Amino acid sequence: MPIVVNLDVMLAKRKMQSKELVEILKITPANLSILKTGKAKAIRFSTLESICEALECQPGDILEYKSE
């Protein structure tokens, strides 16, 4: 898939654990795992906005396009 999710990278840069982000976003650990592994087929803008707010980053810090 040409869209790469760098959520693990941003969590590490912010020294935040997945558990903390789950609590902030009020989503299940399973849903966060789906996002982190890049298995998600879509993401709501509201979820992306909440992630960016929690990690103090831009959407481009989390999502990256790589041609195949």
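The values are calculated or read from the model by the stated rules, or taken from the named source; none is laboratory data. These numbers were taken from a predicted model, which means no experiment stands behind them. So basically every Cβ, Gly included, is an ideal-geometry build from the backbone, and we count neighbours across all protein chains shown. Side chains included, ligands, DNA and RNA excluded: accessible areas come from the protein's heavy atoms. Shrake-Rupley method; radii C 1.70, N 1.55, O 1.52, S 1.80 Å.
Sites count as exposed loop sites when they are trypsin sites (Lys or Arg not before Pro), lie in a DSSP loop, and have at most 12 other Cβ atoms within 10 angstrom; the longest stretch of the chain without one is 45-65.
Net charge in the neighbourhood of A30 (other residues with Cβ under 12 Å of its Cβ; Lys, Arg +1, Asp, Glu -1) is +2. Think of a 1.4 Å ball rolled over the protein heavy atoms: the chain then has 74 Å² of accessible area per residue. Dipole check for the chain: with +1 at the C-beta of Lys and Arg, -1 at the C-beta of Asp and Glu, and the Cα centre as origin, the magnitude is about 220 Debye.
Per the helix-only calculation at 222 nm, which mean residue ellipticity applies to the chain, given -39500 (n - 2.57) for every DSSP H run of n ≥ 4 and division by its residues, nearest 500 deg cm²/dmol? Intermediate values should be presented prior to the final figure.
Details: 5 runs with 38 residues, N = 68.
Mean residue ellipticity at 222 nm (helix-derived): -14500 deg cm²/dmol.
Taking a point 7 Å from the Cα of V22 along the Cα-to-Cβ direction, the residues of the range 29-60 with backbone N closer than 13 Å to it are 29-36.
When the chain is fully extended, how far beyond the present Cα-Cα distance does S67 get from R44, taking 0.36 nm per residue of separation?
Values: separation 23, 0.36 × 23 = 8.28 nm, distance 2.29 nm.
Using 0.36 nm per residue and subtracting the Cα-Cα distance, I get 6.0 nm.
The residue list S46, V4, A30 was ranked by how far each Cα lies along the charge dipole of the chain toward its positive end, using unit charges on Cβ atoms, and A30 comes out on top. Show which lysines lie in cross-link reach of K66 when reach means a straight Cα distance below 22 angstrom and same-chain residues fewer than eight apart are skipped. Counting by Cα, and skipping residues close in sequence, K66 has these lysines nearby: K13, K36, K39, K41. The calculated Kirkwood hydrodynamic radius for the chain is 12.1 Å, given to one decimal from all distinct C-alpha pairs.
For the chain, the share of accessible area belonging to carbon and sulfur comes to 53 percent (1.4 Å probe, ligands and nucleic acids excluded).
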